[in-house]
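J.: Quick one: the structure is below, and I'll ask about it shortly.
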Amino acid sequence: MTAWLEIRSVGGEREAEDISQEDPMRGKWILITLAGVLALPLLVAPIVLAPGREPADTLPAAALDPAEQARMIDAMRPPKRARPAIAIITLNDATEVADLLVAYGILRRADVADVTVVAQRAAPVRLYPPKISIEPEAAIHAFDERYPEGADYIVVPAMDPENDPFVMDWISAQLRKGAKIVSICNGARTLAAAGLLDGRRATAHWYSVRQLRKAHPAIQWLGDRRYVTDNGITTSTGVSANIPLMLALVEAIGGRDAAEHVAGEIGAAGWDARHRSSAFQLTGEHKKTFVRNKLSFWRHETIGVPVAGNVDEIALGLTLEAYSRSELARVMTVGNKGEAVRSRHGLTIRPDRPIESAAVDDMLAPPPSDAPAMTMDRELARIASRYDRHTAAIVALAMEYPWAPGYARAAGR
């Protein structure tokens, strides 16, 4: 028995020695395997995420029946006053920058109505995606005191959250008082959340329609139209539909000549409701570009956009929106000592940082005041040159803008 224990003891020591000799080698193989697993995505990603074919030009939308367009304009006519009262509602916490600024710039330039930016509180309204804020021109209670019978129009930009109870209740109350409601882009989400689109034909940003269709089956979603009017409510597609929508509203209030005058000043070619919805879909190439830009941290940069007095609201809103959607640029609005400025048509805007201390990688030129409706074409061409055309294509997709990169190249823009 003793002999057997001695043999087991000796055998155990040898076995332990063999294991101890194998452990370092086993550990090395484990480390090599883990390193391979971690390195594989880094090796494969450049191949999988490599840019594919150049983005194609968006095919033009089919022409719209003039009679249909005329019916939409008639349906948008002022319901009460010869010179209507328009309230652009905002949410103090977060309101979409281009939705608000473009609508304000066009309506104030047209001067066919009394336009007021309102908010629940007489406090700054934070805009997004980039950090910038504006001062509302009236608190909602003050607007209600001034117009106890209600506004003629309520313009609804996208807001976050989309289902703020106060905002939804106030819009619903204005509709009951006879106001016509006009939503921009995902402002339709607020109207849908309030139940105001049930039983109506409507549209919204292309990416939201599928979700809204499931959440609100009573809404009749209409494709191939930049804006849709039904029983006192007008909805529109993505951010870039803002310009034709506001020009249509100007025509409904002030007539065709008024709309043509504003369109000529801002450089807009037309404003009917034609649209090609099928051109706006999230393809595999778009997904690759989003992921590639997110992961390419060495390409990320902070760019400054100067905000000075008399800045054109349309050009500013579209410029901020475009670069913010690139997934490569962090946009910082800067101004002299960070002080608030008055825009071209009197809106008080406060940039995010003083230009003197803003830490930016590059400073863009101030948004131009000439032909501001052409800002998208100009900036998409610059984004394509600065980054690449695939990045410009996802910006156009996010803003639902019918971009033609081939035309932009031929025009030298």
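J.: Based on the mean of other Cβ atoms within 10 Å per residue, sort peptides 268-278, 103-113 so the most packed one is first.
T.: Values: 268-278: 18.5, 103-113: 23.7.
So the order, starting with the most tightly packed, is 103-113, 268-278.
J.: Mind giving me the FRET efficiency for Glu135 and Arg353? R0 is 25 Å, r the Cβ-Cβ distance, nearest 0.05 is fine.
T.: Using R0 = 25 Å, I get an efficiency of 0.90.
J.: Which lysines have a Cα less than 16 Å from the Cα of Lys177, not counting those fewer than 8 places away in the same chain?
T.: Lys80
J.: Can you list the lysines whose alpha carbon sits under 29 Å from that of Lys214, skipping same-chain ones fewer than 8 residues off?
T.: Lys180, Lys287, Lys288
J.: So if I take the centroid of the Cα atoms in region 57-122 and the same for region 298-315, what is the distance between those two points in Å?
T.: 24
J.: For the peptides 363-371, 316-324, 155-163, 347-355, what is the packing order when you average, over each peptide's residues, the other Cβ atoms within 10 Å and list the highest mean first? Please report the intermediate quantities before stating the final value.
T.: Numbers: 363-371: 15.1, 316-324: 26.9, 155-163: 22.0, 347-355: 19.3.
The most tightly packed comes first, giving 316-324, 155-163, 347-355, 363-371.
J.: Note down the relative contact order for region 66-277 as a percent, whole number, built from C-alpha pairs under 8 angstrom at least six residues apart. Walk me through the intermediate numbers first.
T.: Numbers: 438 pairs, mean separation 46.9, N = 212.
22 percent.
J.: For region 217-376, rounded, prolate or oblate, judged on the Cα gyration tensor with a ≥ b ≥ c (square roots of eigenvalues), a/c < 1.5 rounded, else prolate if a/b > b/c? Let's see the in-between values first.
T.: Values: a/c = 2.44, a/b = 1.25, b/c = 1.95.
Oblate, because a/c is 1.5 or more while a/b does not exceed b/c.
Coordinate-derived values only; no laboratory data. Just so we're clear, the structure is a prediction, and the values are computed from it rather than from any experiment. Quick reminder, even Gly has a Cβ in these numbers, built from the backbone with ideal geometry, and neighbours come from all protein chains shown.
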